[in-house]
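This report refers to the structure that appears directly beneath it.
The values are calculated or read from the model by the stated rules, or taken from the named source; none is laboratory data. As the structure is a prediction and not an experimental result, all values here were calculated from the model. Cβ coordinates were reconstructed from backbone atoms using ideal geometry, including for glycine residues, and neighbour counts include every protein chain displayed. Ligands, DNA and RNA are excluded from the accessible area calculation, which covers all protein heavy atoms including side chains. Shrake-Rupley method; radii C 1.70, N 1.55, O 1.52, S 1.80 Å.
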Amino acid sequence: MVYPDPSSRSAQLYARASQVMAGGSTRLTTWQAPYPIYAASGSGCRIRDVDGVERIDFLNNYMTLIHGHAHPEIVAAVQEQAARGLSFAMPTENEVMLAELLCGRVKSFEQIRFCNSGSEAVMVAVKAARAHNGRPMIAKCEGAYHGMFDPVEVSHDANPGNWGDVDAPARTPYTRGLPENVMRDVVVIPHNDVARSRHLLELNADRLAAVIIDPLPPRIGFVPATAEFLRMVREVCDRHDIVMISDEVASFRIDYNGPQHVHGFDADLTTMGKIIGGGMPVGAVAGKKAFMDVFNPTRGRPLASHGGTFNSNPMTMAAGYAAMRMMTPEAFARLATLGDRLAEGLRAAFRDANMEGQVTGAGSLWKIHMNNRRYTDYRSVHALPAERKRLDGLYRHLLNAGFVMGPTGLIALSTAMGEKEVDDFCGAVHEGLMGIRRASGEAA
Ligand SMILES: Cc1ncc(COP(=O)(O)O)c(C=O)c1O
């Protein structure tokens, strides 16, 4: 079956969904025109849709499923826990086990708390920072995505029409109606621009609760934060008692000891999500005791509130522990080798097709771009309309060739894959690029 097909079961389900959900969907990133493809089941690196079409999954629920679908050990852990009870108004040993595992891997993780999404984790971390130093503002990089919390949504979707002067990037709202005072309390800094960012941070230092960065930001095209940029942020935070938050909801995937080990820095607080829940909803904030102590209830009312009916629910904790325990240093190394093979294969595909394009990323996280610009920050990565169109063409070609990647060129590998799947994917990308070239009349 070729996508799109108005007679497909997915199209029918979407017609039903459109009656009861705005735009027929509850998740922006799973919606697509003319209709989203509905999943029926997944096993290993394969996902099967409701029309029986099987594809190899290079998206893995937006970077979450590091072992692919329905890994037997994760399924068993979830089934065993389900039989013992789904959730309680009591903590469980599962929570202690996952907390110990994660705190044992990253130097700056002295303590941890769990919640149910990456967005929540970022909100909890920002609240902790405000409670720590009593200040209202945060600074964030232009274009960085940190989830749905009001202040971090600012400028995550800035575009050439509204992003303003790079010396002081404009604060742009995503959601209409974002209160002016929320916008005012956000300082937007250019990723990797040490001089401009330092200036903006110093200018607002006495009102800044936190600076939130991402060492490998997905929406800034996986352009890694440079050592100089990270050093500058760490130094300004130390000098002014500002909390340095590292958002690793996505990038925690790149190394056994996390991106802070790879990039050589220690954050005060770190947010996580995705892989640490083994496929179940999850978020976490970890950090140094001095910063996590705002949540400590043992001396009376804590400085920062952090409730949540489903925080560290035993199902998520069981799945997360099973998944992370299997992510040994060897498993991370194997994924990184597979990632390098993928990047090389994709670069060769662009070369052979004689098309402009590049691949960025690290470990098991990669992104395809349809240009050869030199990337430093969000503005240089931001795709032009013609590039978006070519990428969309590639995405749709891949869907019909039996592969799922993100519509923005996002790729996340899983341990369920091998060299064959990676090579087949690169072959399909090559074919797709040739098709795009032919269609645009660029063929030599
Ligand atoms: C870096 C980063 N932070 C935060 C989030 C939000 O996480 P969630 O979708 O679990 O709320 C995401 C989601 O993709 C992310 O990539």
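Test Pro190 against the criterion of being within 16 Å of the ligand (Cβ to nearest atom) and either touching a residue at least 12 places away in the same chain (Cβ under 8 Å) or touching a Pro at 6+ places or on another chain (Cβ under 8 Å) (or both), and give yes or no. When the stated conditions are applied, Pro190 does not pass them. Here is a check on your reading of the model: is Ala210 of a type in the set (Gly, Ala, Ser) and within 23 Å of the chain's Cα centre (by Cα)? Answer is yes for this residue. Mind checking which residues of region 60-104 are open to solvent by 20 Å² or more (accessible area, probe 1.4 Å) and under 20 Å from the mean Cα position of the chain (by Cα)? If the condition is that a residue be open to solvent by 20 Å² or more (accessible area, probe 1.4 Å) and under 20 Å from the mean Cα position of the chain (by Cα), then Asn61, Tyr62, Leu65, His69 are the ones that fit. Exactly one residue out of Leu13, Leu28, Leu65, Leu101 is within 16 Å of the ligand (Cβ to nearest atom) and at pLDDT 95 or above: that is Leu65. Checking each residue in region 193-214 for being within 16 Å of the ligand (Cβ to nearest atom) and over 16 Å from Ala121 (Cβ atoms) picks out only Val211. Annotation for region 340-360: no member residue is buried (at least 20 other Cβ atoms within 10 Å of the Cβ), out of contact with any Leu (no Cβ under 9 Å at 6 or more places or on another chain) and within 16 Å of Ala99 (Cα to Cα). For region 404-444, filtered to residues that are free of Cβ contacts under 8 Å to residues at least 60 places away in the same chain, under 17 Å from Arg351 (Cβ atoms) and hydrophobic (A, V, I, L, M, F, W, C), the residue that is surrounded by the fewest Cβ atoms within 10 Å (Cβ to Cβ) is Ala443.
The criterion of at least 3 residues that are more than 29 Å from Met1 (Cα to Cα) and under 23 Å from the mean Cα position of the chain (by Cα) is met by the following helices (runs of 4 or more DSSP H) wholly inside region 338-444: 378-381.
Kindly indicate whether any position in region 277-293 is in contact (Cβ under 8 Å) with a residue 40 or more places away in the chain, among the charged types (D, E, K, R), more than 16 Å from the ligand (Cβ to nearest atom) and in contact with a helix residue (DSSP H, G or I) (Cβ under 7 Å, 6 or more places away or on another chain). No, every residue in region 277-293 fails to be in contact (Cβ under 8 Å) with a residue 40 or more places away in the chain, among the charged types (D, E, K, R), more than 16 Å from the ligand (Cβ to nearest atom) and in contact with a helix residue (DSSP H, G or I) (Cβ under 7 Å, 6 or more places away or on another chain). Within the option set Asp255, Asp247, Asp238, being more than 16 Å from the ligand (Cβ to nearest atom) and of a type in the set (Asp, Glu) holds for one residue only, Asp238. Looking across region 133-153, just one residue is open to solvent by 10 Å² or more (accessible area, probe 1.4 Å), more than 9 Å from the ligand (Cβ to nearest atom) and under 14 Å from Arg219 (Cα atoms), and that is Glu153.
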